[in-house]
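Accompanying notes for the structure given below.
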Amino acid sequence: SSQNLSEEFAEAARQLKKEAPRIQFGKIDVTHQHDLRKEFNIQEFPTVKFFVDGSREDPIDCKGVRQASAFITWVKRRTGPSTVLINSTDQAEAIINADDFVVIGFFKELHNDSVEVFCETARDVPEMPFGMTASEDVRATYGIQKNTLVVFKKGKPVHNEVLEDSRQNKLDLTRLIKTFTLDLVTEYNLETSVKIFDVPVENHIVLFTPMNSETFNAIYENYKSAAVEFRGKIMFVLVDTNETRNGRVFEYFRIRDIDVPAVRILNLTSNAMYKMPADEVTVENLKEFCQSYLNGKAKLHLSSEEIPEDWDKMPVKVLVGKNFNKIVF
């Protein structure tokens with residue numbers, strides 16, 4: 001909520017006052033400052049922008065950062081180096097074991113496009129420590145030949161991404177790494193919903209199933225197996241159909257009791273919805289569905305009637321699938 005973010009923001013300001021007095025924090029209530037709201041095109045609340053070198057032009061948007069510690073890291077990485085330079089195997093080991101998740105870039109030399117993209121990505125993922133190295137010893141210890149980004153979980157590598165010399169898409173890397181801040185499959189509830197929408201992955205696959213059914217464990221394992229392959233491209237979400245508080249989500253997806261277990265893909269940008277053609281939630285069916293969606297071959301699932309022309313005329317507004325998200329959320 002705005003209130004929460006405001007408190008975290010203030011906490012970051014307090015801590016940075018000692019460490020980096022050059023960085024000033026301020027807050028503006030744009031309900032009273034219409035000119036500023038217009039000038040900086042403020043669409044949603046709260047919005048955090050970072051102004052550099054006293055310039056009003058092109059401030060940097062600070063998106064999806066909610067904890068004071070992440071604010072502090074985000075600001076520091078914008079004003080100084082965004083990654084730690086690793087020179088020895090001991091240093092690498094210490095950094096890799098210091099946190100639950102750590103991202104390390106292994107490079108042959110520290111002056112190329114891949115390094116630049118890696119450092120830019122580090123600026124946008126303040127939730128995790130980033131290190132990089134061009135040491136032959138360190139590369140040999142971890143058995144890495146090419147320029148590679150490695151995500152470590154509790155000291156063990158869980159993902160290797162080879163960085164091509166051409167400019168790799170920074171957003172793709174950011175998406176991929178940010179997905180590690182969530183579980184492989186995220187159960188939808190009030191706490192996780194905010195985190196789910198903070199990760200910049202626009203394709204969400206949603207499994208609707210009662211979590212206390214006899215078949216749940218088998219279905220869940222299949223769902224998790226398929227999730228590994230599409231990490232960073234499609235976010236895997238689970239909705240418990242026994243949880244009454246999820247009613248609004250069932251309505252939005254038009255899921256009825258007889259439909260479950262049901263699987264849908266939603267594109268957050270276009271609000272387009274796709275229904276898995278097969279009924280069985282198997283690894284094969286899930287992979288085929290995700291792949292056909294990414295290839296643009298999945299059939300659109302038209303589960304909403306058109307928005308009525310007079311939906312907005314009366315005190316009680318008429319909602320259908322197509323305007324539900326926009327109006328309710």
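The values are calculated or read from the model by the stated rules, or taken from the named source; none is laboratory data. Keep in mind that this is a model prediction, so the values were computed, not measured. Methodologically, a virtual Cβ is constructed for each residue, glycine included, from the backbone with ideal geometry; neighbour enumeration extends over all protein chains shown. Each accessible area value is taken on the protein alone, full model and side chains, heavy atoms only, with ligands, DNA and RNA left out. Shrake-Rupley method; radii C 1.70, N 1.55, O 1.52, S 1.80 Å.
Mind checking which pairs have a first residue in segment 263-287 that is assigned by the TED database to the domain that holds residue 226 and among the β-branched types (Val, Ile, Thr) and a second that is surrounded by 15 or more Cβ atoms within 10 Å (Cβ to Cβ) and assigned to a strand (DSSP E or B), Cβ under 6 Å, 6 or more apart or different chains?
263/207; 265/205; 265/274
Can you tell me how many residues in segment 125-143 are open to solvent by 30 Å² or more (accessible area, probe 1.4 Å), over 13 Å from residue 90 (Cα atoms) and in contact (Cβ under 8 Å) with a residue 12 or more places away in the chain?
The qualifying residues number 3.
Among what's in segment 256-278 and is at pLDDT 90 or above, part of a loop (DSSP other than H, G, I, E, B) and closer than 23 Å to residue 218 by Cβ, pick the residue that is least open to solvent (accessible area, probe 1.4 Å).
276
With the requirement that a residue be surrounded by 18 or more Cβ atoms within 10 Å (Cβ to Cβ) and not hydroxyl-bearing (Ser, Thr, Tyr), what does segment 102-118 give you? Outline the logic, then answer.
Taking segment 102-118 first, the residues surrounded by 18 or more Cβ atoms within 10 Å (Cβ to Cβ) are 102-107, 114-115, 117-118.
The answer is 102, 103, 104, 105, 106, 107, 115, 117, 118.
If a residue counts only when it is out of contact with any strand residue (DSSP E or B) (no Cβ under 8 Å at 6 or more places or on another chain), at pLDDT 95 or above and not charged (D, E, K, R), which helices (runs of 4 or more DSSP H) contained entirely in segment 68-161 have at least 2 such residues?
Counting at least 2 such residues, we get 89-96, 136-141.
What's the total number of residues in segment 178-196 that are out of contact with any Leu (no Cβ under 8 Å at 6 or more places or on another chain) and not in a loop (DSSP other than H, G, I, E, B)? Steps first, please.
Taking segment 178-196 first, the residues out of contact with any Leu (no Cβ under 8 Å at 6 or more places or on another chain) are 178-184, 189-191, 193-194.
Within this subset, residues satisfying the condition of being not in a loop (DSSP other than H, G, I, E, B) are 178-179, 190-191, 193-194.
Looking only at that region, the number is 6.
On the given criteria, is residue 308 assigned by the TED database to the domain that holds residue 223, over 25 Å from the mean Cα position of the chain (by Cα) and either part of a helix (DSSP H, G or I) or surrounded by fewer than 17 Cβ atoms within 10 Å (Cβ to Cβ) (or both)? Before you say what the answer is, go through the steps one by one.
On the way: assigned by the TED database to the domain that holds residue 223: no; over 25 Å from the mean Cα position of the chain (by Cα): yes; either part of a helix (DSSP H, G or I) or surrounded by fewer than 17 Cβ atoms within 10 Å (Cβ to Cβ) (or both): yes.
No: the conditions fail for residue 308.
Answer yes if at least one residue in segment 202-220 is open to solvent by 50 Å² or more (accessible area, probe 1.4 Å) and in contact (Cβ under 8 Å) with a residue 60 or more places away in the chain, and no otherwise.
We begin by selecting, within segment 202-220, every residue open to solvent by 50 Å² or more (accessible area, probe 1.4 Å); these are 202, 211-212, 214-215, 217-218, 220.
Applying the additional criterion that residues be in contact (Cβ under 8 Å) with a residue 60 or more places away in the chain yields 202.
Checked segment 202-220: at least one residue is open to solvent by 50 Å² or more (accessible area, probe 1.4 Å) and in contact (Cβ under 8 Å) with a residue 60 or more places away in the chain.
Results for (1) open to solvent by less than 80 Å² (accessible area, probe 1.4 Å); (2) among the small types (Gly, Ala, Ser); (3) out of contact with any helix residue (DSSP H, G or I) (no Cβ under 8 Å at 6 or more places or on another chain); (4) not assigned by the TED database to the domain that holds residue 73, shown as yes or no for each residue.
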| position | (1), (2), (3), (4) |
| --- | --- |
| 2 | yes, yes, yes, no |
| 9 | yes, no, no, no |
| 14 | no, no, yes, no |
| 17 | no, no, yes, no |
| 26 | yes, yes, yes, no |
| 32 | no, no, yes, no |
| 38 | no, no, yes, no |
| 44 | no, no, yes, no |
| 50 | yes, no, no, no |
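Restricting segment 144-203 to residues that are touching a Lys or Arg at 6+ places or on another chain (Cβ under 7 Å) and hydrophobic (A, V, I, L, M, F, W, C), which is nearest to residue 112 (Cα to Cα)?
If we take residues in segment 144-203 being touching a Lys or Arg at 6+ places or on another chain (Cβ under 7 Å) and hydrophobic (A, V, I, L, M, F, W, C), then 162 is nearest to residue 112 (Cα to Cα).
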